[in-house]
Amino acid sequence: VKKIMIIGATSAIVQAVTRLFATEGHSLFLVARNKDKLQAIATDLRLRGAGYVEACVMDVLEYNRHASVIMTAEEKMGGLDLAVVAHGTLPDQQACERSFDLTRQELEINCLSTISFLTHIANFFETKKNGTIAVISSVAGERGRQSNYVYGTAKGAVSIFLQGLRNRLQKCGVKVLTIKPGLVDTPMTSAFPKGMLWATPDKVARDIHHAIQFSKDITYSPFFWRIVMLIIRLIPERLFKNLRL
Ligand SMILES: NC(=O)c1ccc[n+]([C@@H]2O[C@H](COP(=O)([O-])OP(=O)(O)OC[C@H]3O[C@@H](n4cnc5c(N)ncnc54)[C@H](OP(=O)(O)O)[C@@H]3O)[C@@H](O)[C@H]2O)c1
């Protein structure tokens, strides 16, 4: 049985992951900012068979609580094996173009809060010489596009940070997993028309579960995004800048 801490536990993608964890009987320490949603999720996970479930209300922008929440999770579950970081928002790109304050706020939520938490959890697992960190980044972080480059900047920075962390922690046996979903039908993307490229949270959750089980460094979900992004990255900048993406 694993002892698992989840930041952003009310995310649709991560709810589907935690349902898989619950049926396996793992212990879960859920962190999110919406108390009512969190409690409903905790009740559901207990019914599904989770060994232990604790809910903790925290806004990820409360940086000064990041270190203590890790300690509390370890204390409550009697250990900590896996940390999943999943919170995020999809910025209004055009509003960000008009306001640096809004851009900064989006970078705080999607990048700096994650980096703060990762700094603490990396040091915690490094001391123990054990542990797995799984973070939901995005394919959006692989190339800047006019339609969402503020979000892309945040996710790109998170992906690079994770790459460095993986390289640093490799020698002490700590696993760092980067998850890069493509288009997923969740509340975050409710305003978008859906098409063939869209995946369900359950599909992405199965890929995340598999990545954790087999300690896969980088997972594209669904898998075809690896090829799509390879092509996107190969387009020369002088052509790419003319595309309306
Ligand atoms: N959906 C996609 O197409 C897609 C694609 C690639 C990557 N991703 C990434 O996947 C992750 C999960 O997103 P999702 O699609 O499952 O969307 P979601 O259901 O909207 O989940 C986003 C979660 O982030 C939480 N959150 C936002 N700001 C927060 C804050 N300041 N403090 C604490 N929690 C906060 C939200 O909490 P509340 O419920 O309290 O608002 C919500 O639980 C995100 O990192 C997202 O960037 C999504």
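Read the figures in this text as sums done on the coordinates, not as results from a lab. Not measured: the values here are computed from a predicted model. Don't worry about glycine lacking a Cβ; one is built from the backbone with ideal geometry, like all the others, and counts go over all protein chains shown.
About the Cα centre of the chain, what is the dipole size in debye to 20, counting +1 per Lys and Arg Cβ and -1 per Asp and Glu Cβ, all else neutral?
660 debye
Would you kindly state how much longer the chain becomes between E24 and S68 on full extension, computed as 0.36 nm times their sequence separation minus their alpha carbon distance, in nm to one decimal?
Between E24 and S68, full extension yields 13.1 nm more.
At 0.36 nm per residue, minus the direct Cα-Cα distance, what do L230 and F100 gain on full extension? Give it in nm, one decimal, please.
Difference between extended and current length: 43.7 nm.
Regarding the range 65-134, what is the average projected area of its C-alpha convex hull, in nm²?
5.2 nm²
What order do you get for 78-86, 35-43 when each peptide is scored by the mean count of other beta carbon atoms within 10 Å, highest first?
78-86, 35-43
Given 0.36 nm per residue, what is the gain on full extension from C172 to F223 after removing their alpha carbon distance, in nm?
15.5 nm
May I ask you to order 223-229, 28-34, 197-203 by the average number of other C-beta atoms within 10 Å around their residues, highest value first?
In descending order of packing, they fall as 28-34, 197-203, 223-229.
Using the number of other C-beta atoms within 10 angstrom as an exposure proxy, rank F192, F240, F117 with the fewest first.
F192, F240, F117
For the residues Y151, Y63, Y220, what sequence is obtained by ranking on other C-beta atoms within 10 Å, fewest first?
Going from sparsest to densest Cβ surroundings: Y63, Y220, Y151.
Filter the trypsin sites (Lys or Arg not before Pro) in the range 78-153 to those in DSSP coil with at most 13 other Cβ atoms within 10 Å of their Cβ, and list the result.
Listed in order of number, the matching sites are K129.
Please arrange R168, R48, R19 by counting, for each residue, the other beta carbons lying within 10 Å of its beta carbon, fewest first.
R168, R48, R19
Which values, in whole Å and largest first, are the semi-axes of the equivalent ellipsoid of the chain obtained as the square root of 5 times each eigenvalue of the Cα gyration tensor?
The three semi-axes for the chain are 29, 19, 19 Å.
Under a Cβ-only charge scheme (Lys and Arg +1, Asp and Glu -1), can you give me the dipole magnitude of the range 84-156 about the Cα centre, in debye to the nearest 20?
It works out to roughly 240 debye.
List, largest first, the extents of the alpha carbons of the range 41-86 along their principal axes, each in whole Å.
33, 21, 15
With the Cα gyration tensor of the range 199-245 in hand, give its eigenvalues times 5 under a square root as the equivalent ellipsoid semi-axes, listed largest first in whole angstrom.
Taking √(5λ) for each eigenvalue gives 29, 12, 6 Å, largest first.
Provide the FRET efficiency to the nearest 0.05 for the L243-T189 pair, computing r from the beta carbons and using R0 = 22 Å.
Working from the Cβ atoms, E equals 0.55.
Kindly state, to the nearest 0.05, the FRET efficiency for E75 paired with S147, given R0 = 35 Å and r defined as their beta-carbon distance.
0.20
Where does the chain land at 222 nm, in deg cm²/dmol rounded to the nearest 500, when only DSSP H runs of n ≥ 4 count, each adding -39500 (n - 2.57), divided by all residues?
It comes out at -14500 deg cm²/dmol, rounded to the nearest 500.
Checking the cross-link filter: which lysines have an alpha carbon closer than 24 Å to that of K3, excluding same-chain neighbours under 8 positions apart?
Excluding near neighbours in sequence, the set is K35, K37, K76, K128, K129, K171, K175, K180, K203, K216.
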